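One structure is given here, and the rest of the page talks about it.
The values are calculated or read from the model by the stated rules, or taken from the named source; none is laboratory data. What you see is a predicted model; the values in this text were computed from it and never measured. Positions of Cβ are generated from backbone atoms using ideal geometry, with glycine treated the same way; all protein chains shown enter the neighbour counts. Just so you know, the surface numbers come from the protein's heavy atoms only, side chains and all, with ligands and any DNA or RNA stripped out. Shrake-Rupley method; radii C 1.70, N 1.55, O 1.52, S 1.80 Å.
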Amino acid sequence: MILIGKFRDIKNKLYTLTINNNNGIDGMIEIGDKGLHFAGSPVTIESNVDDSFTHIIRKNATINLVTDKYIGDKLFANNSRNISVRIDDDSKTVFQGYVEPTTFNQPFVHSIDEFSINCTDALSTLQYYNYKKTTVKNYNELKQTAGIVSFKQILDGIFQQLGGNIYYDLSKATKKGKEKTVFEDLSISEAYLFGDDFDDIWTEEEVLNEILQYLNLHIIQEGNDYYIFDWESIRN
């Protein structure tokens, strides 16, 4: 099912919302037709920039709808990446992410219901996945073959699944002139990331945060692209 609709912000700028639950059933449902409409405040997008020490800057979106029929069976996400959400303006994607898992709730009792869909950006889904997608079944095998990996190998493994482009401001280096290769020049032991047993394995979010914290860098998602930067670069 694909849910699609257009709305305007307070400056009259036009946006297009697309929600895809990837099940190939029910075809396309248009917001603004057959009893399904945007609420007074269609969409809000927020980020979690609490202070300059936040290394992974997450974004979330809230979609507010009004409907006279139950559509909860189409919008309930039991996986962090099985219902995709994209919001575009006329020139770019302003939000790319997923419906937050196991949070959707729509009442049954009223003839007309107003409800919200909570969405997270792709970066936020990293908290739900272990390093190298490790499971109980393959944990011992992966741990036995653990070696030394570069930061770049780790980042490539994480972002290959997310798609999009990665941009880096070249603000850090192991020594002057090596800004372009800083992620290749630094490495870590995978045994450290796997821990003593399966319960100790790091999530992809924890690994990414450790790399960024070590280099005092930050990452933010803009549309389907990712920007790794130092706050000093922004100030300059």
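Rounded to the nearest 5, what is the percent of antiparallel bridges among the DSSP beta bridges in the stretch 145-236?
If I count the DSSP bridges inside the stretch 145-236, around 75 percent turn out antiparallel.
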Q: Please get the size of the charge dipole for the chain, origin at its Cα centre, with Cβ charges of +1 on Lys and Arg and -1 on Asp and Glu, quoted in debye to the nearest 20.
A: 560
**Q.** Length released on extending from SER41 to ASN82, taking residue separation times 0.36 nm less the Cα-Cα span
**A.** 12.2 nm
Q.
For the chain, set up a GNM with springs between Cα atoms under 10 Å and report which of THR145, THR67, THR203 has the largest fluctuation.
A. THR145
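For the chain, what is the accessible area per residue in Å², given a 1.4 Å probe and the full set of protein chains? It would help to have the intermediate numbers written out before the result.
Values: 12930 Å² over 236 residues.
The answer is 55 Å² per residue.
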Q: Roll a 1.4 angstrom probe over the protein heavy atoms and tell me the percent of accessible area of the stretch 57-170 that is carbon or sulfur.
A: 48
Q | Distance-filtered residues of the stretch 154-181 - backbone nitrogen under 12 Å, label point 7 angstrom along ASN216 Cα→Cβ | A | 172-173
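Students sometimes get this wrong: rank ARG86, ARG8, ARG235 by accessible area, probe 1.4 Å, all chains present, largest first.
Order by accessible area, largest first: ARG235, ARG8, ARG86.
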Q) What is the diffusion coefficient of the chain in µm²/s, taking the Kirkwood radius over Cα pairs and the Stokes-Einstein relation at 25 °C with a viscosity of 0.890 mPa s? A) 124
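Can you compute the FRET efficiency between TYR192 and ILE234 using 1/(1 + (r/R0)^6), with r the Cβ-Cβ distance and R0 = 30 Å? Round to the nearest 0.05.
Values: r = 31 Å, r/R0 = 1.04.
Working from the Cβ atoms, E equals 0.45.
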Q) Which semi-axes, in whole Å and largest first, does the equivalent ellipsoid of the stretch 1-94 have when worked out from the alpha carbon gyration tensor as the square roots of 5 times its eigenvalues? A) 25, 18, 12
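So for the stretch 50-100, what percent of the C-alpha to C-alpha distances run longer than 15 Å? Walk me through the numbers before you get to the answer.
Details: 799 of 1275 pairs.
Tail fraction, whole percent: 63.
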Q: Extending each Cα 7 Å along its Cβ direction at ILE166 and LYS74, get the distance between those two points in nm, one decimal.
A: 3.7
